[in-house]
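Notes follow once the structure below has been shown.
The values are calculated or read from the model by the stated rules, or taken from the named source; none is laboratory data. Keep in mind it's a predicted model, so treat the numbers as computed, not measured. Here the Cβ positions follow ideal geometry from the backbone for every residue, glycine too, while neighbour counts run over all protein chains shown. All accessible areas refer to the heavy atoms of the entire protein, side chains included, with ligands and DNA or RNA removed. Shrake-Rupley method; radii C 1.70, N 1.55, O 1.52, S 1.80 Å.
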There are 2 protein chains.
Amino acid sequence: MPRLKLTLAYVGTTFEGWQSQPGGNTVQDALEAALAKIADEPVRCRSAGRTDAGVHAIGQTAHAGVPGRRRDVDWRLALNSLLPSAISVLEARWVPETFHAQYSALGKTYAYSLWPERSFCLPQRQPFLWKCGPLDLSLLRAAAGELTGRHDFASFMNLGTPVAHTVRDLRSIEVAELPPAAPGLPGEIVLRFTADGFLKQMVRNLVGCLVLAGKGKLSPEDVRMIRMAQNRARAPETAPPQGLCLERVDYGEDGLGQDRRQRVCGPGDDG
Amino acid sequence: MPRLKLTLAYVGTTFEGWQSQPGGNTVQDALEAALAKIADEPVRCRSAGRTDAGVHAIGQTAHAGVPGRRRDVDWRLALNSLLPSAISVLEARWVPETFHAQYSALGKTYAYSLWPERSFCLPQRQPFLWKCGPLDLSLLRAAAGELTGRHDFASFMNLGTPVAHTVRDLRSIEVAELPPAAPGLPGEIVLRFTADGFLKQMVRNLVGCLVLAGKGKLSPEDVRMIRMAQNRARAPETAPPQGLCLERVDYGEDGLGQDRRQRVCGPGDDG
């Protein structure tokens, strides 16, 4: 069956996450309904990872097999005309049947947006950030330095489908302060995480920890101890979902990646 | 009565514009309801300009007189705790009773966001732009050069409350292409208009004209002729409201401006 690779953006606010649910109000359900309408038969799709309820994406990736008789369809155009306005297909391309949105991925990047005020924010940005209050970015950066690298991140994994192991290579945590959107306002703070893969709610758990560090309530040493404990009970609360966005799934220069099935045995993970 | 100057941001999507209406679903109605609740008496406010239904703001400005017994209230905090999530007060400060949000203004800046595709966009940005399709920015810039300066803009004014005259000083039109939000996407195009004031729907009428120029359907010479005709019937259609945002009202360095009542006689204009 011809295989499509789809790059997707969505506003997660009104969805119960990526993964198909009996209620049907998920991104996967909406996408499969549109695919089936064009294919005129049921179509299943698989994504690089299952984002939670309320989490956004500008670079989620999925694959789906579609009937050969629909080879000539402009799938991006057709899907965008059927999908709800909160989901867009940014790219649709044909890939070999060996391509797998999850197993072929070489890495992923999630961004988490923080707002250094508590009482107000730009309403335009309110669905996309966490109003966490003031942060000391030098403290936050020092704590981030204790988290990057190849480590066991069991302290930052919430319970869910069992995974083969909890070691991930957190290649980088970028801390950026954006220019203010209007005079007199502070800038948004973006934490950008790139890794070979993420455990369930790992990014949001890392953010919960880094925000406490940025408030001076955890030292870099505390953060290292939390990571080394390999115990979820030691880490702070999970950050709320709306600040999180799956920015990019990396498949290398040709966009096809390589089959990592031998290495990553768990199901689709999530930020 | 002590006078407050309020700097406001709002998402215009769900409001019937700024100005109070019998139905009550306007930004002014929401703001006056919150002001009255804190003041414990009716409070009226005046804005620098009346934005239309669907138009957004990150720098709208209003003034309101409030009872002296509420001098100690943190008005920004109190208003933000009462306002709907689509409106935020970014700043609240005490100003002399001579300050007037409209008459003291020295100028205004509106931004209009365009998306150079028709079939899709980032859903995160969909409420804030016009999917106008591909544009040649060098053509658009050449046409913009025929519009800046002190001119009679009657060709770009929609009917509404009568104004004393239709001459405005359009100080600049900035054309910027933003960096792409995700790999493979085009960048948004932002047209930023700064003037001493704007006529009713003037910015959206200018945008309607500039987009046709950017598509090669109007030459710079055509655009100049449209302006010089001083006749609304000669100009193209009004651009849709959702791309427009009132970015800033300029009151000079001290934020108080100067009384222009002698010069500008019309009511609050709009972009």
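Residues are listed down the side, and each one gets a yes or a no for (1) touching a residue at least 60 places away in the same chain (Cβ under 8 Å); (2) at positive phi:
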| site | (1), (2) |
| --- | --- |
| B:ARG192 | yes, no |
| B:GLY216 | yes, yes |
| B:ARG224 | yes, no |
| B:ALA229 | yes, no |
| B:ALA235 | yes, no |
| B:PRO241 | yes, no |
| B:CYS245 | yes, no |
| B:ASP254 | no, no |
| B:ASP259 | yes, no |
Among the residues of the stretch B:84-93, write down those that are in contact with a Leu (Cβ under 8 Å, 6 or more places away or on another chain) and buried (at least 18 other Cβ atoms within 10 Å of the Cβ). B:ILE87, B:SER88, B:VAL89, B:LEU90, B:GLU91, B:ALA92
Looking only at the stretch A:175-187, count every residue that is surrounded by 13 or more Cβ atoms within 10 Å (Cβ to Cβ) and away from chain B (no Cβ under 13 Å) and tell me the total. 3
Scope the stretch B:108-142; condition of a type outside the set (S, T, N, Q), farther than 23 Å from A:LEU82 by Cα and away from every other protein chain (no Cβ under 14 Å); matching residues: B:TYR112, B:LEU135, B:ASP136, B:LEU137, B:LEU139, B:LEU140, B:ARG141, B:ALA142
Note on the stretch B:209-235: residues part of a loop (DSSP other than H, G, I, E, B) and surrounded by fewer than 19 Cβ atoms within 10 Å (Cβ to Cβ) are B:LYS215, B:GLY216, B:LYS217, B:SER219, B:GLN230, B:ASN231
Just to be sure before I move on: is A:PHE153 within 27 Å of A:TYR251 (Cα to Cα) and more than 14 Å from every other protein chain (Cβ to nearest Cβ) in the structure I sent? yes
The stretch A:119-153, residues that are open to solvent by less than 20 Å² (accessible area, probe 1.4 Å) and over 30 Å from B:GLU247 (Cα atoms): A:LEU140, A:ALA143, A:ALA144, A:LEU147, A:PHE153
Within the stretch A:154-174, how many residues turn out to be modelled with pLDDT of 95 or more, open to solvent by less than 50 Å² (accessible area, probe 1.4 Å) and of a type outside the set (Ser, Thr, Tyr)? 8
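Can you tell which of B:LEU170, B:LEU185 is farther than 21 Å from B:GLY17 by Cβ, in contact with a Gly (Cβ under 7 Å, 6 or more places away or on another chain) and either in a strand (DSSP E or B) or assigned by TED's automatic domain parsing to the domain that holds B:ARG125 (or both)?
After applying the criteria, what remains is B:LEU170.
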When restricted to B:PHE128, B:PHE156, the only residue within 25 Å of B:ASP222 (Cβ to Cβ), in contact (Cβ under 8 Å) with a residue 40 or more places away in the chain and among the aromatic types (Phe, Trp, Tyr) is B:PHE156
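Does B:ALA101 qualify as being under 19 Å from the mean Cα position of the chain (by Cα) and under 17 Å from B:ASN205 (Cα atoms)?
Details: under 19 Å from the mean Cα position of the chain (by Cα): yes; under 17 Å from B:ASN205 (Cα atoms): no.
In short, no.
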Are any of the residues in the stretch A:197-204 open to solvent by 30 Å² or more (accessible area, probe 1.4 Å), closer than 27 Å to A:THR7 by Cβ, in a strand (DSSP E or B) and touching a residue at least 60 places away in the same chain (Cβ under 8 Å)? no
For the stretch B:219-263, the count of residues that are at pLDDT below 90 and in contact with an Asp or Glu (Cβ under 8 Å, 6 or more places away or on another chain) equals 0
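Table: residues versus (1) away from chain B (no Cβ under 14 Å); (2) surrounded by fewer than 21 Cβ atoms within 10 Å (Cβ to Cβ).
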position	(1), (2)
A:GLU41	yes, yes
A:ARG46	yes, yes
A:ALA64	yes, no
A:LEU82	no, yes
A:VAL95	yes, yes
A:LEU106	yes, yes
Within the stretch A:66-77, the count of residues that are within 11 Å of chain B (Cβ to nearest Cβ) and crowded, with 19+ Cβ neighbours inside 10 Å comes to 1
Matching residues in the stretch A:1-31 - criterion: being within 14 Å of chain B (Cβ to nearest Cβ) and open to solvent by 10 Å² or more (accessible area, probe 1.4 Å): A:LYS5, A:THR7, A:VAL11, A:THR13, A:THR14, A:PHE15, A:ALA30
Does A:ARG118 satisfy the criteria of being farther than 20 Å from A:ASP222 by Cα, outside the structural domain of A:CYS209 (by TED's automatic domain parsing) and more than 17 Å from the chain's Cα centre (by Cα)? no
Any residue that is more than 14 Å from chain B (Cβ to nearest Cβ) and closer than 16 Å to A:ALA235 by Cβ - is there at least one of those in the stretch A:160-167? yes
